[in-house]
Amino acid sequence: MDVAVFSTRPYDQKFLDPAAQKHGHAITYFEPRLTQQTAPLAAGFPVVCAFVNDKLDGEVLKQLAAGGTRLIALRSAGFNHVDLVAASEFGLTVARVPAYSPHAVAEHTVAMILSLNRKIHRAYNRVREGNFSLDGLLGFDLHGRTVGVVGTGKIGSVVARIMSGFGCVILATDIRANPECEALGVEYVPVSELFARSDIVTLHCPLTPETHHLVDAEMLANVSHPDLMLINTSRGALVDTQAVIAALKAGRLGSVGFDVYEEEADLFFEDLSGKVIQDDVFARLLTFPNVLVTGHQAFFTAEAMEGIAATTMENITTFARTGRPVHEVTIEKLA
Ligand code: NAD
């Protein structure tokens, strides 16, 4: 099938090209993000392949359907950026990549925990400048500490396993317990208790209306000690960034590691190093010494990219053969 791929970078082509060739699909790559302005580029393409920051609201979906698109093949697990009601109204089928190396995201999460704890981001710069002082670099033993995992699905359960390997006590919260985690000795508790008892809280649940701003001023008030480390490699809008900034300024949060940010669509995946950042909230976040931000790179391993490319092409091939992709996202999935 003819596939229009949006938000394309050279590394996407490297993995999508061989997978498309194997399945006999013809790909046209578009560098820009999918928006109302760029949607006309997809006219005549039965398949549009989109990533996490592409806009798939009612207006864009209407344009795509009018241009002859029938399948939206997401290169992501998350589908919170798609208006599924509108997609169904316009007769568009939506597919996603539900699983691709949960280890990629889990390992990046652990990399953030280790970096923040041992201040590797600060030590790296100091040593390069000939500053070998240890002042301000004090960390803590992970062994014996309590880690709270919010969402023990594919990624959260791997994080729980890795952190229990460090000798941490693992607490978790989820709408359904994961037997693998229970077997590991993970204790399921309500989310407010998890925040009150944990030294490190890491978010691995999807963004839904229920989880939007799960971490807000009220939740942060539950934190019983000022050394809490908060990690978010899931979706930016799980966290009210302004509330986090207020807690950091007041010394009520120990450290913060974000791979995602609520307003990341206008920032991430672009080289903005020569430009002035217009987002004052994000700019403020970057000023804290105890904050580490990466630009939505947790998924970015060779294994994950291969998995994403293979599953995306499988979705397209089965859609071409049967009218249904292997991993369809339906409105019921929202429930
Ligand atoms: P998953 O569906 O396997 O697991 C999500 C878990 O969250 C499930 O166990 C679910 O029951 C639980 N959950 C749902 N609602 C909840 C709630 N209100 N409170 C607590 N738990 C709740 O998903 P996954 O593959 O583990 O991915 C988790 C998230 O990670 C995805 O939704 C996606 O947003 C994010 N992600 C980020 C990256 C990245 O590069 N940063 C890459 C892949 C996925």
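Structure notes:
- Checklist (1) open to solvent by less than 30 Å² (accessible area, probe 1.4 Å); (2) within 19 Å of the chain's Cα centre (by Cα) applied to F300, failing item: (1)
- If the condition is being near the ligand (Cβ under 9 Å from one of its atoms) and not in a strand (DSSP E or B), then region 186-211 contributes V191, H204, C205, P206, L207, T208, E210, T211.
- Yes/no for D259 being within 19 Å of L114 (Cβ to Cβ) and crowded, with 19+ Cβ neighbours inside 10 Å: yes
- Taking the criterion of being over 23 Å from D57 (Cα atoms) and among the basic types (K, R), the residues of region 1-47 that qualify are K14, K22.
- Answer from T330, T312 - the residue that is within 20 Å of S7 (Cβ to Cβ) and among the β-branched types (V, I, T): T312
- Single residue of region 212-237 satisfying the filter (in a loop (DSSP other than H, G, I, E, B) and farther than 26 Å from L142 by Cβ) that is nearest to the ligand (Cβ to nearest atom): H212
- R118 farther than 28 Å from A265 by Cβ, within 16 Å of the ligand (Cβ to nearest atom) and surrounded by fewer than 17 Cβ atoms within 10 Å (Cβ to Cβ): no
- When region 70-98 is filtered for residues that are open to solvent by less than 50 Å² (accessible area, probe 1.4 Å), in a loop (DSSP other than H, G, I, E, B), touching a helix residue (DSSP H, G or I) at 6+ places or on another chain (Cβ under 6 Å) and not charged (D, E, K, R), the ones remaining, listed by number, are L92, V97.
- The residues of region 238-256 that are surrounded by fewer than 19 Cβ atoms within 10 Å (Cβ to Cβ) and more than 25 Å from I120 (Cα to Cα), listed by number, are Q242, A243.
Residue-by-condition table, conditions (1) part of a strand (DSSP E or B); (2) under 20 Å from Q297 (Cβ atoms):
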residue: V3; (1), (2): yes, no
residue: Y11; (1), (2): no, yes
residue: L16; (1), (2): no, yes
residue: K22; (1), (2): no, no
residue: L34; (1), (2): no, no
residue: G44; (1), (2): no, no
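- When we screen N232, N222 for residues that are under 20 Å from F268 (Cα atoms), touching a Phe, Trp or Tyr at 6+ places or on another chain (Cβ under 7 Å) and of a type outside the set (A, V, I, L, M, F, W, C), the only hit is N232.
- Complete set of residues in region 150-182 that are more than 9 Å from the ligand (Cβ to nearest atom), open to solvent by 50 Å² or more (accessible area, probe 1.4 Å) and not in a loop (DSSP other than H, G, I, E, B): R161, I162, G165, V169, P179, E180, E182
A quick yes/no check of all residues on (1) within 11 Å of the ligand (Cβ to nearest atom); (2) under 15 Å from H108 (Cα atoms):
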| site | (1), (2) |
| --- | --- |
| V256 | no, yes |
| E263 | no, no |
| D271 | no, no |
| G274 | no, no |
| Q278 | no, no |
| R284 | no, no |
| P289 | no, no |
| T294 | yes, yes |
| F299 | yes, yes |
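- Qualifying residue in region 121-136 (condition: in contact with a Lys or Arg (Cβ under 9 Å, 6 or more places away or on another chain), open to solvent by less than 30 Å² (accessible area, probe 1.4 Å) and either under 30 Å from E270 (Cα atoms) or touching a residue at least 40 places away in the same chain (Cβ under 8 Å) (or both)): no
- Restricting A73, A95, A86 to residues that are under 22 Å from L207 (Cβ atoms), at pLDDT 95 or above, more than 10 Å from the ligand (Cβ to nearest atom) and in contact with a His (Cβ under 7 Å, 6 or more places away or on another chain) narrows the list to A95.
The values are calculated or read from the model by the stated rules, or taken from the named source; none is laboratory data. What you see is a predicted model, and the numbers here were worked out from it, not measured in a lab. Quick reminder, even Gly has a Cβ in these numbers, built from the backbone with ideal geometry, and neighbours come from all protein chains shown. Accessible surface areas use protein heavy atoms only, side chains included; no ligands, DNA or RNA. Shrake-Rupley method; radii C 1.70, N 1.55, O 1.52, S 1.80 Å.
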